[in-house]
Amino acid sequence: MSVQFILDYFHIDDEAAIEVQANEEDVMLQTQRIFQHLREQSSELLRIRLTSEVLYQRFRDFEGWENVLPTRHKIPRLLLAEKLKMALPDWLSNEQIVSLNLLKSPSFEPRFNSFEKNLLAACHLNLISGNDFGEFIQALSQQTSAFSMLLDDKTIQNYVLNHLEFDLDVERENGMLLLQMLKNVDLATFVERFTYQQHLFYLRQFASRYALDLAFPPLEVPASLLPLPRLTLLD
């Protein structure tokens, strides 16, 4: 006959619960459900999921009542630190943890000495290892916008740059230029556009070599990036 409130502002709670909707009718309905549950002699736990501070304030008066368990607050940083049994760097935000799906990722393993390198490997191992530029780009296209935000961290940025320079033979200046272009873009769309621009670049070269009078759209990518290993156009 116990009741427990779950504060789940980041929508990460996946256990069975009644999720209160943000309208007056449902607030009143669930309030009555809680009163009824506390009156009954049921052995079942009633979990009430609250997804905003506003909803929490509507139910806060229940805290401290008999058979109302301590409220649990689902905080991604705390849950990830508990899962990994390690302290997290200050720059890794709750929002990034959720967007990168790190709480459910089975691939975050301490295979490297650096937390940042382990984080990159959890996103995709081809982002920091291997010797195929196409595989790196394919891994990049699978990332969410949260990955672009990771590149604001200098340590993360350097690991990716080192992979580009030493494993994939991309000049560091071009690597830095490439990473700069990844900010605030949809990565899958960027990869598609970059591939298209590469092929236009080779068509321009062909037309110039054979003095063909052809009109091409303007470049959308710095010219120094276009000679990088050619990617395959998708159908």
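Quick note: the coordinates plus some simple rules give every number you see, no bench work behind them. What you see is a predicted model; the values in this text were computed from it and never measured. Ideal geometry is used to build each Cβ from the backbone, glycine not excepted, and the neighbour counts take in all protein chains shown.
For the chain, build the charge dipole from Cβ charges (+1 Lys, Arg; -1 Asp, Glu) around the Cα centre, then report which of ASN113, LEU100, ASN126 sits farthest towards its positive end.
The Cα lying farthest towards the positive end belongs to ASN113.
Rank LEU200, LEU125, LEU100 by mean-square fluctuation in a GNM of the chain with C-alpha springs under 10 angstrom and give only the top-ranked residue.
LEU200
Once you wrap a convex hull around the alpha carbon atoms of region 168-235, what is its projected area averaged over all directions, in nm²?
Values: hull surface 22.1 nm².
Mean projected area of the Cα convex hull: 5.5 nm².
Region 33-81: which chymotrypsin sites (Phe, Trp or Tyr not before Pro) are DSSP loop and have at most 13 other beta-carbon atoms within 10 angstrom? Please report the intermediate quantities before stating the final value.
On the way: sites: PHE35, TYR56, PHE59, PHE62, TRP65; in loops: TRP65.
Answer in residue order: TRP65.
Mean-square fluctuation check for the chain, GNM, Cα pairs under 10 Å: which of LEU127, LEU212, LEU140 is largest?
Comparing LEU127, LEU212, LEU140 in a Gaussian network model of the chain, the most mobile one is LEU212.
Between ASN184 and SER107, what is 0.36 nm times their sequence separation minus the Cα-Cα distance? Round to one decimal in nm. Don't skip to the end; give the middle numbers.
Details: separation 77, 0.36 × 77 = 27.72 nm, distance 2.57 nm.
Contour length minus the Cα-Cα distance gives 25.1 nm.
Please compute one quarter of the surface area of the Cα convex hull for region 76-188 and express it in square nanometres.
In nm², the orientation-averaged hull projection of region 76-188 is 6.5.
Would you mind getting me the FRET efficiency between ASP167 and LYS83? Use the beta-carbon distance for r and R0 = 22 Å, nearest 0.05. Working shown, then result.
Working: r = 30 Å, r/R0 = 1.35.
Efficiency at R0 = 22 Å is approximately 0.15.
Could you compute how fast region 3-73 diffuses translationally, taking Rh as the Kirkwood radius over C-alpha pairs and applying Stokes-Einstein at 20 °C with viscosity 1.002 mPa s? Give it in µm² per second. Can you show the working numbers first?
Numbers: Rh = 12.3 Å.
Translational diffusion coefficient: 174 µm²/s.
By per-residue mean of other Cβ atoms within 10 Å, what is the highest-first order of 142-150, 181-189? Present the calculation step by step, with values, prior to reporting the outcome.
Details: 142-150: 18.0, 181-189: 13.3.
Ranking, from highest mean packing down: 142-150, 181-189.
Over the chain, with a Gaussian network built from C-alpha contacts below 10 Å, which listed residue (SER93, SER107, SER43) shows the highest mean-square fluctuation?
It is SER43.
So if I place +1 on the C-beta of Lys and Arg and -1 on the C-beta of Asp and Glu, and nothing else carries charge, what would the dipole magnitude of region 3-73 be about its Cα centre? I want it in debye, nearest 20.
160
For the chain, give the magnitude of the charge dipole about the Cα centre (Cβ charges: +1 Lys/Arg, -1 Asp/Glu; no others), in debye to the nearest 20. Working shown, then result.
Numbers: 21 positive and 33 negative charges, 63 e Å.
Value, rounded to 20: 300 debye.
Take the Cα radius of gyration of the chain and divide it by 2.2 N^0.38 Å, with N its residue count; two decimals is plenty.
Details: Rg = 25.3 Å, N = 235, 2.2 N^0.38 = 17.5 Å.
With N residues counted in the chain, Rg over 2.2 N^0.38 Å equals 1.44.
Calculate for the chain the 222 nm mean residue ellipticity that helices alone would give, adding -39,500 (n - 2.57) per DSSP H run of length 4 or more and normalising by residue count, nearest 500 deg cm²/dmol.
Details: 10 runs with 104 residues, N = 235.
Calculated mean residue ellipticity at 222 nm is -13000 deg cm²/dmol.
Starting at 0 and stepping by 10 Å, how many percent of the alpha carbon pairs of region 31-139 end up in each bin?
11, 31, 21, 19, 12, 6, 1
Apply the Karplus curve 6.51 cos²θ - 1.76 cosθ + 1.60, θ = phi - 60°, to the phi angles in region 120-134 and return the couplings in whole Hz, x for Gly and Pro.
Residue by residue, region 120-134 yields 4, 5, 5, 5, 4, 4, 6, 6, 9, 9, x, 10, 10, 4, x Hz.
Within region 19-93, list the trypsin sites (Lys or Arg not before Pro) lying in a DSSP loop whose Cβ has at most 16 other Cβ atoms in a 10 Å radius. Intermediate results must be reported in sequence, preceding the final value.
Values: sites: ARG33, ARG39, ARG47, ARG49, ARG58, ARG60, ARG72, LYS74, ARG77, LYS83, LYS85; in loops: LYS74, LYS85.
Filter output for region 19-93: LYS85.
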